[in-house]
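Participant: The structure follows.
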Amino acid sequence: MGLDCRLGALLIIGAAIALFDVAMATLVTVYYVGAAMLVAGAMEIVTAFQIRPLGRSILWAAIGALTFFAGVLAFRDHCGVVADCDYRRCFNRVRNFPAHPRIPYS
């Protein structure tokens with residue numbers, strides 16, 4: 001059994017787990033993207049110091065800092081998911097939020 005078959009089986013198992021626990025799959029995806037943004041932002045800042053024209057260097061560093069900051073925001077704990085280890089509470093709060101809230105007429 002080759003590496004491709006083992007990797008495919010692992011992905012199928014992971015997808016089945018994600019299908020049954022959507023809230024946890026969403027949380028893992030947000031953290032994965034946040035980690036990728038942290039790494040990308042840090043690499044853009046490092047690359048900014050290697051660019052010779054000062055204008056481009058400052059712009060590149062600013063974009064890298066914004067990307068890094070967005071990655072930090074992805075890790076912020078808005079619903080108490082990580083602190084309480086109760087991701088279902090946050091998921092239920094979001095799920096029960098009215099899609100079209102009633103706005104009283106004046």
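The values are calculated or read from the model by the stated rules, or taken from the named source; none is laboratory data. Keep in mind that what you see is a predicted model, and the values were worked out from it rather than measured. Note that we place each Cβ from the backbone using ideal geometry, even for glycine, and neighbour counts take in every protein chain shown.
Participant: Within region 42-55, can you find the residues that are exposed (fewer than 14 other Cβ atoms within 10 Å of the Cβ) and at pLDDT below 85?
Facilitator: Arg52, Pro53, Leu54, Gly55
Participant: So which pairs qualify, if the first residue must be in region 61-72 and under 14 Å from Tyr32 (Cα atoms), the second must be crowded, with 19+ Cβ neighbours inside 10 Å, the Cβ gap must be under 8 Å, and the two must be at least 6 apart or on different chains?
Facilitator: Phe68/Met37; Phe68/Gly41; Ala70/Met37; Ala70/Gly41; Gly71/Met37; Gly71/Gly41
Participant: Shifting gears a bit: When you scan region 16-41, how many residues do you find that are modelled with pLDDT of 85 or more and among the hydrophobic types (A, V, I, L, M, F, W, C)?
Facilitator: 8
Participant: Among the candidates Leu11, Leu73, Leu27, Leu66, which residue alone is surrounded by 14 or more Cβ atoms within 10 Å (Cβ to Cβ) and part of a helix (DSSP H, G or I)?
Facilitator: Exactly one of Leu11, Leu73, Leu27, Leu66 is surrounded by 14 or more Cβ atoms within 10 Å (Cβ to Cβ) and part of a helix (DSSP H, G or I), namely Leu27.
Participant: Does Thr26 satisfy the condition of being touching a residue at least 40 places away in the same chain (Cβ under 8 Å) and touching a helix residue (DSSP H, G or I) at 6+ places or on another chain (Cβ under 8 Å)?
Facilitator: For Thr26, the condition - touching a residue at least 40 places away in the same chain (Cβ under 8 Å) and touching a helix residue (DSSP H, G or I) at 6+ places or on another chain (Cβ under 8 Å) - is met.
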